[in-house]
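Sharing a structure with you now.
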Amino acid sequence: MQNTRQMKIGNIVIGGGAPVAVQSMTNTPTADYDATYRQVCALAQAGCDIVRVTLNHEGAVESFAKLCATSPVPIVADIHYNARLAMAAVEAGASKVRINPGNISRVADLKELAKLCAKCGVGIRIGVNMGSLERAVVEEYGRTARAMVVSALDQAALLEGFGLHDICISVKSSDPKETFDAYRMLAESCDYPLHIGVTEAGGGERAIYKSFDCLGGLLHLGIGDTLRVSLSDDPVEEVRAGIELLRAVGLRRDYVDVMGCPTCGRTTYDVVGISAALREAVASNKSSLKVAVMGCVVNGLGEAGDADIAVVGLTRDKVDIYVLGERRMTLSPDEVVEAVCGLIPTVEKQKEARNG
Ligand code: SF4
């Protein structure tokens, strides 16, 4: 990761090389404590590190305070338009406040908020969205990646001037390329920790592809300290997508990676079915092993070279199992899932012993 400043959000640290934290946001009415608490717990259970909750009216402050006191993960207040509510959130125990420069613009309000945050050790996320940029910035730069960066950095300079240094930034558009460009520009211009995400991505697989396109590219460049995969869906799905993204880019190795060949006319057995059954069987296994399910011996063995366990097809009824490059047994394809699951703990120990 790029060398960003560190920032504490409750007990989670972002930036400065800390693991990339996964965020999501509740969609229950915040004033309904029971429903929101249940959702926060479901998100935490799914692996969410930080949960954002809207604080959109005075009537929700009491419930918000109770959430901050009882949540298993840090709570971030999402504030639009009303700096008073941002201050109420800090006093209620928020671990961070997210504001949008496009809709909290009175300098006196920002000053008061920044001073309170600095006093309480609470950071602010400057959350710029393309759709709600300040008019002056749009007039000068248009609705462009640069406009989002200028808006964010202007706001950061203001907050710094008021003595607040715990700042993180997001610059989100619904266009993955524009978002990507904005974060690259931002990363070149400052060392603030960056919250990355594509906004209004929509729902379903296409929305996930959009986020992965942008966020995956950024993470490979070392850009991004915390992320949200925004989806029009159950927020738990955002967390699952965020975790899978971190796994896909190699930033989390807390799972069994079931690789497999794409199958072709040489495939000797049911690679597709066995891969699916194996993925399901190891879904909650945290060993960082690679298992390759390969359809034939022609290319299979060589291509499974870096797998810890490789299943290589011989005939319709026979597969060989290789462990750390050595042939260990010949089985029927029906026996593969059970055999591989049985091998995982031993292979993990063997690898640990090898690595000292
Ligand atoms: S490993 Fe064999 S079966 Fe699988 S895609 Fe390659 S050649 Fe085809």
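Testing the spin-label approximation: label points 7 Å from Cα along Cα→Cβ at F162 and A248. State their distance in nm.
Roughly 3.9 nm, to one decimal.
Calculate, in nm to one decimal, what N299 and M329 gain on full extension: separation in residues at 0.36 nm each, minus their alpha carbon distance.
Result for the pair: 8.9 nm of gain on full extension.
Counting pairs of alpha carbon atoms under 8 Å apart in space and at least six apart in sequence, what relative contact order in percent does the range 257-355 give?
24
Counting Lys +1, Arg +1, Asp -1, Glu -1, what net charge surrounds K115 among other residues with beta carbon under 15 Å of its beta carbon?
Summing Lys/Arg as +1 and Asp/Glu as -1 gives -1.
Pop out the ³J(HN,Hα) list for the range 189-203 in order, Karplus 6.51 cos²θ - 1.76 cosθ + 1.60 with θ = phi - 60°, rounded to Hz; leave Gly and Pro as x.
Here the 3J(HN,Hα) series is 9, 7, 10, 5, x, 10, 9, 9, x, 9, 8, 6, 6, x, x Hz.
Pairs of lysines 8 or more apart, or on different chains, with alpha carbons under 18 Å: count those in the chain, would you?
For the chain, the number of qualifying lysine pairs is 14.
Just grab the label-to-label distance for D154 and K115, each label 7 Å out from Cα along the Cβ direction, in nm (one decimal).
2.4
Run the numbers for C41 and E188: contour at 0.36 nm per residue of separation, minus the present Cα-Cα distance, in nm.
Between C41 and E188, full extension yields 49.3 nm more.
Also: In bins 10 Å wide, starting from 0, what share of all Cα pairs of the chain does each bin hold, as a percent?
All Cα pairs, binned at 10 Å, distribute as 5, 22, 27, 20, 13, 9, 3, 0 percent.
Here's a follow-up. Got a sec? Which residues in the range 254-283 would a label at A353 touch, if it sits 7 Å along Cα→Cβ and we count backbone N under 14 Å?
No residues fall inside that zone.
Lys and Arg at +1, Asp and Glu at -1: add these up for the other residues within a Cβ distance under 14 Å of R135 and post the number.
Computed value for this residue: -3.
For the chain, what does the accessible surface come to per residue with a 1.4 Å probe? Please give it in Å².
Ligands and nucleic acids excluded, the figure is 45 Å² per residue.
Shifting gears a bit: Which length gain, in nm to one decimal place, applies between T70 and E280 when the Cα-Cα distance is subtracted from 0.36 nm times their residue separation?
My answer for the length gained is 72.3 nm.
Using amide H atoms built 1.01 Å from N in the peptide plane, name the residues 5+ places from D233, or on other chains, whose amide H lies under 5 Å from its own.
Answer set, sorted by chain and number: none.
Which residues' amide hydrogens lie under 5 Å from the amide hydrogen of I196, considering only partners 5 or more residues apart or on another chain, with H built in the peptide plane?
Hits under the 5 Å cutoff: D225, T226, L227, R228.
Can you run phi through the Karplus equation (6.51, -1.76, 1.60; θ = phi - 60°) for the range 122-127 and list ³J(HN,Hα) in whole Hz, with x for Gly and Pro?
The phi angles translate into 10, x, 10, 9, 8, x Hz.
Of all DSSP beta bridges located in the range 257-355, what percent are antiparallel, nearest 5?
55
The values are calculated or read from the model by the stated rules, or taken from the named source; none is laboratory data. Keep in mind it's a predicted model, so treat the numbers as computed, not measured. Backbone-built Cβ (ideal geometry, glycine too); neighbour counts: all protein chains shown. The protein model used for the area step is the full one, side chains on, heavy atoms only, and it has no ligands, DNA or RNA in it. Shrake-Rupley method; radii C 1.70, N 1.55, O 1.52, S 1.80 Å.
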